[in-house]
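Trainee: Quick one: structure below, then a few questions.
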Amino acid sequence: MSDLLKNIDARTKLAGTNKLEILLFTLGLDQRSGRRETFGINVFKVREVMRTPEITQAPEMPSSVEGMVSLRGTLVPVIDLAKYAGIATESRPEIMIVSEYNGHTQGFLVEAVDTILRLDWSVMRVPPDMLTMQMGGLVTAVTELESGKLVMMLDVEKVLAETTAGVSEIDVNTIIQDKNFVTKTVYFADDSVVARRQIEMTLDAMQVRHMHAINGKRAWDDLLRLAQSADIQGKSVKDLVQLILTDVEMPEMDGYMLTRMIKSDPRFVGIPVLMHSSLSGLSNQKLGQSVGVDGYVAKFEPHKLSETIANFLLKDA
């Protein structure tokens, strides 16, 4: 099954092309709706795919966490995605997707994996409000394949936040603060509700003004409007925004493409772009550097986020 994940070198060349590869999987036939929905996860977050191993029960775990498995000597939590998503199915999950992101490894139990598709982020749409409510905010993007099949991208960061200790709480005492921050503005883009909330809390604790968008395309549209506004006021864009923070995975336009657009437009000269992602491997950092990012910070580490932002903001203080 891990043959699905070969040719990683070819995949790393997708940076800046606004393309991604997703592994399709199903969670079983939903007894309530009679449908078998198709989901997707970014291949960059998948370490391997295997038959479900023996799971050891662990006490005081959320209901969707089946227990722990030992993978090459490391204990890894195992999450039943059907239970987590509230999908009532009678089938037992036979496959485990081992996912690694933000420095954490976890197993996701699924019914079956299908194939890997290469898509353009522009065909990934923000989910309609009805679907968002139905799935409890679990879906960050949707796309319709040529066959008419609907594919839903899971917000794995939300899963991590609610089933493991992978998301740090904000400790205001660890957040970097400075009197000069009150005059600064940060613009950030992220499609995850959980990530946006933590960014906002961090910036609020720093007393930094902020604006945001839920994906790269909307962020770019906002930034173009800011550039027009700055021109009308006889200012530079840097007078209005002092730093841009972007996620990598976002529907319509990803963070690599957003960074490339910003760095190729002279109106944004002098505004640093920080990549803020749960894809925390060195290869992903190098991909960010290839499109011109000025820094990289892993998600869900509020102190490090505030420290990195502060280092850039204080350069201009």
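The values are calculated or read from the model by the stated rules, or taken from the named source; none is laboratory data. It should be emphasised that the depicted structure is a prediction, and the values quoted were computed from it without experimental measurement. Positions of Cβ are backbone-derived with ideal geometry, glycine not excepted, and every protein chain shown enters the neighbour counts. We work out accessible area using only protein heavy atoms, side chains counted, and drop any ligands, DNA or RNA first. Shrake-Rupley method; radii C 1.70, N 1.55, O 1.52, S 1.80 Å.
Trainee: By Kyte-Doolittle mean hydropathy of at least -1.0 and Cα axial length of at least 15 Å, which whole DSSP H helices of the chain are selected?
Mentor: Numbers: long enough: 193-206 (20 Å, 0.28); 216-233 (25 Å, -0.62); 302-313 (16 Å, -0.04).
Sorted by number, the helices that extend far enough and score high enough are 193-206, 216-233, 302-313.
Trainee: Okay, moving on. Could you work out the helix-only [θ] at 222 nm for the chain, with each DSSP H run of four or more residues adding -39,500 (n - 2.57) and the total divided by the number of residues, to the nearest 500 deg cm²/dmol?
Mentor: Working: 10 runs with 90 residues, N = 317.
Helices in the chain give a 222 nm mean residue ellipticity of -8000 deg cm²/dmol.
Trainee: Need the full-extension length gain, Leu119 to Lys149, defined as separation in residues times 0.36 nm minus the C-alpha distance. One decimal, nm. Before the final figure, lay out the partial values.
Mentor: Details: separation 30, 0.36 × 30 = 10.80 nm, distance 1.41 nm.
Length gained between Leu119 and Lys149: 9.4 nm.
Trainee: Quote to one decimal, in nm, the extra length available between Asp222 and Glu200 on full extension: 0.36 nm per residue of separation minus the C-alpha distance between them. Before the final figure, lay out each step's value.
Mentor: On the way: separation 22, 0.36 × 22 = 7.92 nm, distance 1.78 nm.
Between Asp222 and Glu200, full extension yields an extra 6.1 nm.
Trainee: Still on this structure, I have one more. Please give the direction-averaged projected area of the C-alpha convex hull for region 16-167, in square nanometres with one decimal. The partial results should precede the final answer.
Mentor: Numbers: hull surface 38.6 nm².
That works out to 9.7 nm², a quarter of the Cα hull's surface.
Trainee: Right, something else. With the Cα gyration tensor of region 229-298 in hand, give its eigenvalues times 5 under a square root as the equivalent ellipsoid semi-axes, listed largest first in whole angstrom.
Mentor: Numbers: eigenvalues 119, 25, 21 Å².
Ellipsoid half-lengths, sorted descending, are 24, 11, 10 Å.
Trainee: Quick one: putting +1 on the C-beta of Lys and Arg, -1 on the C-beta of Asp and Glu, what dipole do you get for region 180-286 around its Cα centre, in Debye to the nearest 20?
Mentor: On the way: 13 positive and 13 negative charges, 63 e Å.
So the dipole magnitude of region 180-286 works out to roughly 300 debye.
Trainee: How would Lys158, Lys315 line up by accessible area, probe 1.4 Å, largest first? Show your work: numbers first, answer last.
Mentor: On the way: Lys158 35, Lys315 145 Å².
Highest to lowest solvent-accessible surface, that is Lys315, Lys158.
Trainee: Accessible area per residue of the chain at 1.4 Å probe, in Å²? Before the final figure, lay out each step's value.
Mentor: Details: 14550 Å² over 317 residues.
Heavy-atom accessible area per residue stands at 46 Å².
Trainee: Compute the distance from the alpha-carbon center of region 31-71 to that of region 227-244, in whole Å.
Mentor: 46
Trainee: I've got another one for you. Determine the share of the chain's accessible area contributed by carbon and sulfur atoms, expressed in whole percent, with a 1.4 angstrom probe. Mind showing how you got there, number by number?
Mentor: Numbers: 7200 of 14550 Å².
Taking all protein chains in place, the chain shows 49 percent carbon and sulfur surface.
Trainee: For region 214-317, with the dipole built from +1 on Lys and Arg beta-carbon atoms and -1 on Asp and Glu ones, taken about the Cα centre, which of Trp220, Val248, Val291 lies farthest toward the positive end?
Mentor: Checked the options; the winner is Val291.
Trainee: May I ask which of Lys19/Lys299; Lys184/Lys217; Lys184/Lys315; Lys45/Lys299 have a Cα-Cα span longer than 20 Å here? Display every interim value, and only then the final one.
Mentor: Values: Lys19/Lys299 22 Å; Lys184/Lys217 24 Å; Lys184/Lys315 12 Å; Lys45/Lys299 14 Å.
Check vs 20 Å cut-off fails for Lys19/Lys299; Lys184/Lys217.
Trainee: What FRET efficiency would be calculated for the residue pair Thr56, Arg267, taking the C-beta separation as r and a Förster radius of 45 Å, to the nearest 0.05?
Mentor: Values: r = 56 Å, r/R0 = 1.25.
Plugging the Cβ-Cβ distance into 1/(1 + (r/R0)^6) gives 0.20.
Trainee: Translational diffusion coefficient, Stokes-Einstein: compute it for region 63-153 using the Kirkwood radius over C-alpha pairs as Rh, at 37 °C and 0.692 mPa s, and state it as an integer in µm² s⁻¹.
Mentor: On the way: Rh = 15.1 Å.
The Stokes-Einstein estimate is 218 µm²/s.
Trainee: Across the chain, what fraction of all alpha-carbon pairs, as a whole percent, falls in each successive 20 Å bin from zero upward?
Mentor: Distribution as computed: 32, 56, 12, 0 percent.
Trainee: Moving to a separate point now. What does the highest-first list of 115-121, 190-196 look like by mean Cβ count within 10 Å? Could you put the intermediate results ahead of the total?
Mentor: Values: 115-121: 15.6, 190-196: 22.0.
So the peptides 115-121, 190-196, ranked by packing, come out 190-196, 115-121.
Trainee: Tell me the relative contact order for the chain as a rounded percent, counting alpha carbon contacts under 8 Å between residues six or more apart.
Mentor: 17
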